[in-house]
Amino acid sequence: MPTRVFTRSVGMRLAIVGTARLQARNLDHGLGNRSIDILARVQSARAKGYVREFNTGLAPWRREPAVREFIHRTRNELGIAA
C-alpha cells in the first residue's frame, strides 16, 4: 500500500504490527516511530488508539531512553498522553 494514498491505514498497520512484536517481548520501537511519522499527517481517533495500545505494550521497557523518546514523541506530535 502506498503511504501517500493510504496514510492512515499504513500508520495503523505499523502500530498494530509493533504491538504484536511487543507482546512477543520484542522491543521494536522503529515501527512505532514510523507510525508516528505517518500518523502525524492525519487526524484519526482510531489510529491514535492503536498508538496508545503500542504505548501500553512498552511498559516493560519504560526506562529505556528510546522508549522515553518515543512516548515523548507521541505526546508532542500526536497529542497522546502516556
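When residues in region 57-82 are screened for being free of Cβ contacts under 8 Å to residues at least 24 places away in the same chain, surrounded by 11 or more Cβ atoms within 10 Å (Cβ to Cβ) and not in a loop (DSSP other than H, G, I, E, B), 6 of them pass. All but one of (1) modelled with pLDDT of 90 or more; (2) β-branched (V, I, T); (3) within 9 Å of the chain's Cα centre (by Cα) hold for V67; which doesn't? Exception for V67: condition (3).
Only one residue in R63, R21 is in contact with a Leu (Cβ under 9 Å, 6 or more places away or on another chain) and over 16 Å from A81 (Cα atoms), so which one is that?
R21 is the lone residue from the list that is in contact with a Leu (Cβ under 9 Å, 6 or more places away or on another chain) and over 16 Å from A81 (Cα atoms).
Just to verify a result, which residue in region 12-38, among those that are charged (D, E, K, R) and not in a helix (DSSP H, G or I), is most open to solvent (accessible area, probe 1.4 Å)? Step by step, filter region 12-38, then rank; the result is R25.
The values are calculated or read from the model by the stated rules, or taken from the named source; none is laboratory data. The model shown is predicted, which means the values in this text are computed figures rather than measured ones. Cβ sites come from the backbone with ideal geometry, for glycine too, and all protein chains shown count toward neighbours. Surface accessibility is based on the protein's heavy atoms, side chains included, excluding ligands, DNA and RNA. Shrake-Rupley method; radii C 1.70, N 1.55, O 1.52, S 1.80 Å.
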